[in-house]
Amino acid sequence: MQNFVNFMAGSIKAQGAFYQPAGDARISHIDVRDIARVAARALTTSGHEGKAYELSGPRAISYGEAAEILSGVLGKRVSYVAVSDDAARAGMVAAGMPELYADHVIDLNRHYRTGAGSAVSTAVKDVTGREPVSFEQFASDHAGALR
């Protein structure tokens with residue numbers, strides 16, 4: 001989820017839009033705070049030795065749905081613009097991203113378009129005892145950085 005703040009906030013603020021080559025892929029974005037809670041629990045309590053956890057957010061959403069949620073939370077229209085791989089790569093490189101990293105971002109989005117990012121697990125709750133942060137809560141918590 002923090003990618004919305006770290007990589008998309010500029011265009012959300014300036015243009016009311018963000019751009020990704022993900023099509024209508026559904027992705028179970030996770031908040032880094034949930035990852036940290038799982039790591040802290042796994043490292044400080046017993047019973048996690050030799051285990052690996054598949055972590056996810058509470059549900060898989062498309063970038064279009066994320067834009068709708070952001071619009072509601074921020075009180076302004078936010079749009080998701082699906083762009084081609086070539087346009088995304090050109091934009092990332094023009095913005096100063098190294099070509100190799102841009103290629104990896106494109107590969108990740110191709111992976112998402114296959115449906116591979118849509119799995120939802122109960123691991124966050126299983127390990128921490130609390131539900132993972134919803135995208136709505138994330139957007140509310142970071143509204144200042146996205147306005």
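The values are calculated or read from the model by the stated rules, or taken from the named source; none is laboratory data. Remember, predicted model here, so these are calculated numbers, not experimental data. Neighbour counts run over all protein chains shown; Cβ positions are idealised from the backbone, glycine included.
Note on segment 88-120: among residues that are hydroxyl-bearing (Ser, Thr, Tyr) and surrounded by 16 or more Cβ atoms within 10 Å (Cβ to Cβ), the one that is nearest to ARG26 (Cα to Cα) is SER118.
A quick yes/no check of all residues on (1) assigned to a loop (DSSP other than H, G, I, E, B); (2) modelled with pLDDT under 95; (3) surrounded by 15 or more Cβ atoms within 10 Å (Cβ to Cβ):
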{"residue": "PHE18", "(1), (2), (3)": "no, no, yes"}
{"residue": "ALA22", "(1), (2), (3)": "yes, no, yes"}
{"residue": "ALA36", "(1), (2), (3)": "no, no, no"}
{"residue": "ARG41", "(1), (2), (3)": "no, no, yes"}
{"residue": "LEU55", "(1), (2), (3)": "yes, no, yes"}
{"residue": "LEU70", "(1), (2), (3)": "no, no, yes"}
{"residue": "LYS76", "(1), (2), (3)": "yes, no, no"}
{"residue": "ASP86", "(1), (2), (3)": "no, no, no"}
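Residues of segment 83-136 being more than 15 Å from the chain's Cα centre (by Cα) and of a type in the set (Phe, Trp, Tyr), which ones? Scanning segment 83-136 gives a single hit, TYR101.
Of the residues ALA94, ALA39, ALA66, the single one that is closer than 28 Å to LYS125 by Cα and without any contact (Cβ under 8 Å) to a residue 60 or more places away in the chain is ALA39.
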